[in-house]
Amino acid sequence: MSEDWKNWAGNVTFEAARVHRPTSVEQVQEVVSGAEQVRVLGSGHSFNRIADTPADLVSVAGLPAGVRIDAERGTVSVAGGVRYGELAARLDAEGYALHNLGSLPHISIAGAVATGTHGSGAGLGNLATAVAGMQLVTADGELVELRRGDPEFAGAVVALGALGVVVRVELDIVPRFQVRQTVYEHLARAEVDAHWTELATSAYSVSLFTDWSGDTVNQVWLKRLDDGEAAPAELFGARPAGGPRHPISGVSPVSCTEQGDVPGPWHTRLPHFRLEFTPSSGEELQSEFFVAREDAVAAFAAVERVRHLVTPVLQISEVRVVAADDLWLSPHYRRGSVALHFTWVPDTEAVRPAVAALEAELAPFGARPHWGKVFHTAPDYERVGDFRALAARLDPDGKFRNAFVRRHLFGE
C-alpha cells in the first residue's frame, strides 16, 4: 500500500496490500469478483480491526449518494457510504426524518448498520432497525437484494461486513420533527439508582455522562420532542446547566449540538456533535458494553467496583438505553439494553487492564460489546449458528472473513 490508511482514532493502521476507491457499483463488483480476500471500509470510525485485511480493502465513500425518497412506501434509498449527517439534512429539507441518530452524524450508514450502532431512547431501536432493504455485492461479484420479510434478512443487516459489500441501503422514514435539548448537572448517584426507570424514560433520548469517580453523575442530556412546554426546572435534584456544555469537563462545547431547551430540527439535536466539527474529543479510544435494562443498577455497581482501574484512563463515560430488536447479531437482540460507553485516553496498553476488568465484572450480566469498539471477548450469540449457515451460502470460501470475524463469529 503506497500510503498509510488509518481509522478515525488513529489506533489502527490498515495492513491492506491494496485499497480500492470505486465510484460505481460495477467497479465494486469487479474488485470483489477478482479478489481472494476483501474487507469493506465505511467512515473508519471503528476502534478495532473489524475492517482490516492483509489483502484488498474497499472504501465505499466514493459511491454516488443517489438519494431516492419513496413517500408512498415511507422509505429512502441511499448509497451505503453516505454519512448520516449528510442524509439527514437532505431528508429534513424534504419534510422527513429518521427515527434516531447516533451521537456522531459523521458515521457512514452501512458501517453503523453493520455493527449495530445505536443512538439513545428507551423506545427506539438501533439504527439498523430502520433498514427495510439492502443491496450487497457477494463473493462472486453478484448484486443481491434483500428485503425485510425475507427469511434471512434479520441475519444480514448486522453482519460485520462478513456477507458482502453493502452498496445501497433502504431506510424507513417518518415526518420531520422538532427536538429540545437540555443539559442537567450534578445528579446524585443515589437518585439514579432510586429512579432509574423513570429517568431512562423521561425523554425521547436520554444520556448520562459520568466519570465514575464520585457520588454524582456529571451531566444528563435530555432530548425531548418539542411540545411547546419548557424543560423541567429540575431532574431528581439536578439543575439545568448555566450554558452550553461538552460531555468532557473543560472541553469547549463549540462542537456540540445546541442546548438550552431551544427547539430545533431533529438532526441538529439528536446527535451530541455537529457535522461541521471534529467529532467528540478527537483523541480517544472507545469501548461499550450492553446489559439488559433490568440489570442496570447492578451493572452500575459492578463498574464502580473497578473504578480504580477505569477512572485513571477514562475521559468520560456515557450511559443510555436502546430498545430490543430481532437482528441476529445485534447487541440488543431480544433484549432492551443499557449501554455503558467508555471514552478512553488514546493509549491502548494503558486501557487494556480497565477493559479486561469491566468485561470480568459485567460477564454475569451477559454483557455484549459494541462490535466496532475496543473489547477482548465477545459472548456467543443465540443465532450465531444461523449466521454461519447464511455466510456459508453467500460467501462459501470465506472471502469476506478477516481475523476479527473468524475469531468472534467462527470460533477460529
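The values are calculated or read from the model by the stated rules, or taken from the named source; none is laboratory data. All figures in this text were calculated on a predicted structure; none of them were measured in a lab. Please note: Cβ atoms are built from the backbone with ideal geometry, for glycine as well, and neighbour counts cover all protein chains shown.
Annotations
- Count of region 370-392 residues which are over 25 Å from residue 342 (Cα atoms) and without any contact (Cβ under 8 Å) to a residue 24 or more places away in the chain: 4
- When restricted to residues that are within 13 Å of residue 222 (Cβ to Cβ), among the small types (Gly, Ala, Ser) and surrounded by fewer than 17 Cβ atoms within 10 Å (Cβ to Cβ), region 236-270 contains 1.
- Any hit, region 40-47, residues being buried (at least 20 other Cβ atoms within 10 Å of the Cβ), out of contact with any Cys (no Cβ under 7 Å at 6 or more places or on another chain), of a type in the set (S, T, N, Q) and under 23 Å from residue 372 (Cβ atoms): yes
Table: residues versus (1) part of a loop (DSSP other than H, G, I, E, B); (2) farther than 20 Å from residue 131 by Cβ.
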site	(1), (2)
8	yes, yes
32	no, yes
51	yes, no
69	no, no
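Conditions tested, residue by residue: (1) without any contact (Cβ under 8 Å) to a residue 12 or more places away in the chain; (2) part of a loop (DSSP other than H, G, I, E, B).
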site	(1), (2)
217	no, no
233	yes, yes
242	yes, yes
254	no, no
262	no, yes
275	no, yes
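- Criterion (of a type in the set (Asp, Glu), in the same structural domain as residue 134 (by TED's automatic domain parsing) and either free of Cβ contacts under 8 Å to residues at least 12 places away in the same chain or assigned to a helix (DSSP H, G or I) (or both)) met by exactly one of 26, 86: 86
- Sole exception among (1) closer than 26 Å to residue 196 by Cα; (2) modelled with pLDDT of 95 or more; (3) surrounded by 21 or more Cβ atoms within 10 Å (Cβ to Cβ); (4) of a type outside the set (S, T, N, Q) for residue 110, by number: (1)
- The set of residues in region 379-412 being in contact with a helix residue (DSSP H, G or I) (Cβ under 6 Å, 6 or more places away or on another chain) and either assigned by TED's automatic domain parsing to the domain that holds residue 291 or not in a helix (DSSP H, G or I) (or both) consists of 412 alone.
- Residue 187 vs. criteria of a type in the set (A, V, I, L, M, F, W, C), assigned by TED's automatic domain parsing to the domain that holds residue 339 and buried (at least 21 other Cβ atoms within 10 Å of the Cβ): yes
- Residue 351 vs. criteria out of contact with any helix residue (DSSP H, G or I) (no Cβ under 8 Å at 6 or more places or on another chain) and either modelled with pLDDT under 95 or buried (at least 18 other Cβ atoms within 10 Å of the Cβ) (or both): no
- Conditions (1) surrounded by fewer than 24 Cβ atoms within 10 Å (Cβ to Cβ); (2) assigned to a helix (DSSP H, G or I); (3) aliphatic (A, V, I, L, M): number failed by residue 124: (2)
- Subset of region 39-69 (residues that are of a type in the set (D, E, K, R) and in contact (Cβ under 8 Å) with a residue 24 or more places away in the chain): 39, 49, 52, 56
- Check on residue 294, over 29 Å from residue 226 (Cβ atoms), surrounded by fewer than 17 Cβ atoms within 10 Å (Cβ to Cβ) and touching a Pro at 6+ places or on another chain (Cβ under 6 Å): no
- When the residues of region 347-378 are filtered to those that are in a loop (DSSP other than H, G, I, E, B) and over 19 Å from the mean Cα position of the chain (by Cα), the one that is nearest to residue 11 (Cα to Cα) is 347.
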